Amino acid sequence: MEQENLLLQNLDQLHTTVMGVERIRRNLQISEEDVVAWCRKLIASPQAVIQRRGKNWYVLTGDCRITINAHSYTMITAHREKLE
């Protein structure tokens with residue numbers, strides 16, 4: 001729980017690269033102009049499950065899994081999860 005709060009407390013530092021924006025748009029099949037803001041909203045939602053494993057944060061919310069570097073708060077990628 002304490003680790004989860006660390007990511008939520010630093011959501012303002014969340015960012016990604018130009019290539020990251022395109023990768024996230026493609027993988028999630030979204031057309032959002034501000035991908036970072038869109039992801040922040042998902043991460044901050046009460047339904048989000050946040051885990052830290054090694055050097056990355058993994059956020060699972062709905063059918064999306066977002067991977068974030070834990071040191072730089074850079075969004076690396078995001079994928080749709082197959083719901084069973």
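Each value in this text was obtained by applying a stated rule to the coordinates, not by laboratory testing. Bear in mind that the values here come from a model prediction, so they are computed numbers and not experimental data. A quick note on method: Cβ atoms are made from the backbone with ideal geometry, for glycine too, and the neighbour counts reach across all protein chains shown.
Quick one: longest stretch of the chain between exposed loop trypsin sites (Lys or Arg not before Pro), exposed meaning at most 15 other C-beta atoms within 10 Å and loop per DSSP?
On the way: sites that count: 55, 82.
The longest uninterrupted stretch comes out as 1-54.
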(request) At 7 Å along the Cα-to-beta-carbon direction for both residue 33 and residue 80, put a label point, then send me their distance in nm to one decimal. (result) 2.5
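I'd like the projected area of segment 8-59, averaged over all directions, using the convex hull of its alpha carbons. Report it in nm² with one decimal.
On the way: hull surface 16.3 nm².
Convex hull of Cα atoms, orientation-averaged projection: 4.1 nm².
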(message) If amide hydrogens are placed 1.01 Å from N in the peptide plane, which non-local residues have theirs closer than 5 Å to the one on residue 16?
(response) 75
